[in-house]
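Each remark here refers to the structure printed beneath this line.
Derivation of every value follows stated rules applied to the coordinates shown; laboratory data play no part. Everything numeric here is computed off the predicted structure, so don't read it as measured data. Cβ coordinates were reconstructed from backbone atoms using ideal geometry, including for glycine residues, and neighbour counts include every protein chain displayed.
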Amino acid sequence: MTYTVLDPTNEPIRTTFKPAPRPETLKGLTLGLIDNGKKNSDYLVKKIGHRLRELYGLSGDFHVRKPSPSHAIPQDMAEALAGKVDLVVAGIGD
């Protein structure tokens, strides 16, 4: 008898990147909010967005929800977000 064992974990993806330059001010910028799909993550990122708008004069925000908490944001979603926002906050829930 033969058994097949499946490993459901994802291996880390090693990559390098150059961080984006930081803006001198947040006033008038559009914030991207990524929630990871867990319970209350949408509530958390919306509250963070509201508070950042109050404190720093952001012009607005754009909210997306990942299809799965255990995977990275899909490429098409990342590209759509990048075309609409100036900076991003990713949040978690539970």
Subset tally (residues that are among the basic types (Lys, Arg) and not in a loop (DSSP other than H, G, I, E, B)) for segment 1-30: 0
Unique match (being in contact with a helix residue (DSSP H, G or I) (Cβ under 6 Å, 6 or more places away or on another chain), outside any loop (DSSP other than H, G, I, E, B) and closer than 17 Å to Ala90 by Cβ) among Leu44, Leu33: Leu33
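Kindly indicate the residue of segment 69-89 that is assigned to a loop (DSSP other than H, G, I, E, B) and small (Gly, Ala, Ser) and also surrounded by the fewest Cβ atoms within 10 Å (Cβ to Cβ) among those meeting that condition. It would help to see each step written out before you state the result.
Here is the first cut: in segment 69-89, the ones assigned to a loop (DSSP other than H, G, I, E, B) are 69-74, 83-86.
Then drop every residue that is not small (Gly, Ala, Ser), which leaves 70, 72, 83.
Numbers: Ser70: 11, Ala72: 11, Gly83: 8.
Here the answer is Gly83.
Within segment 42-94, work out how many residues are among the small types (Gly, Ala, Ser) and within 24 Å of Pro12 (Cα to Cα).
First pass over segment 42-94, keeping only residues among the small types (Gly, Ala, Ser): 49, 57, 59-60, 68, 70, 72, 78, 80, 82-83, 90-91, 93.
When the remaining residues are screened for being within 24 Å of Pro12 (Cα to Cα), the result is 68, 70, 72, 78, 82, 90-91, 93.
Selection size over segment 42-94: 8.
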Selection status of Lys66, surrounded by 10 or more Cβ atoms within 10 Å (Cβ to Cβ) and more than 16 Å from the chain's Cα centre (by Cα): no
Residues (among the hydrophobic types (A, V, I, L, M, F, W, C) and assigned to a loop (DSSP other than H, G, I, E, B)) located in segment 54-68: Leu58
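Limited to segment 18-38, what total is found for residues that are of a type outside the set (Gly, Ala, Ser), surrounded by 11 or more Cβ atoms within 10 Å (Cβ to Cβ) and either under 13 Å from Tyr56 (Cβ atoms) or out of contact with any Pro (no Cβ under 7 Å at 6 or more places or on another chain) (or both)? I'd like the intermediate steps shown before the answer.
The initial filter retains those residues of segment 18-38 that are of a type outside the set (Gly, Ala, Ser), namely 18-19, 21-27, 29-31, 33-36, 38.
Checking the rest, the ones that are also surrounded by 11 or more Cβ atoms within 10 Å (Cβ to Cβ) come to 23, 26, 29-31, 33-36, 38.
Next, only the ones that are either under 13 Å from Tyr56 (Cβ atoms) or out of contact with any Pro (no Cβ under 7 Å at 6 or more places or on another chain) (or both) stay: 23, 26, 29-31, 33-35.
Residues flagged as of a type outside the set (Gly, Ala, Ser), surrounded by 11 or more Cβ atoms within 10 Å (Cβ to Cβ) and either under 13 Å from Tyr56 (Cβ atoms) or out of contact with any Pro (no Cβ under 7 Å at 6 or more places or on another chain) (or both) within segment 18-38 amount to 8.
Just to be sure before I move on: is Ser59 loosely packed, with under 15 Cβ neighbours inside 10 Å and touching a helix residue (DSSP H, G or I) at 6+ places or on another chain (Cβ under 9 Å) in the structure I sent? Walk me through how you get there before you give the answer.
Values: loosely packed, with under 15 Cβ neighbours inside 10 Å: yes; touching a helix residue (DSSP H, G or I) at 6+ places or on another chain (Cβ under 9 Å): yes.
Yes; evaluated as a whole, the condition is true for this residue.
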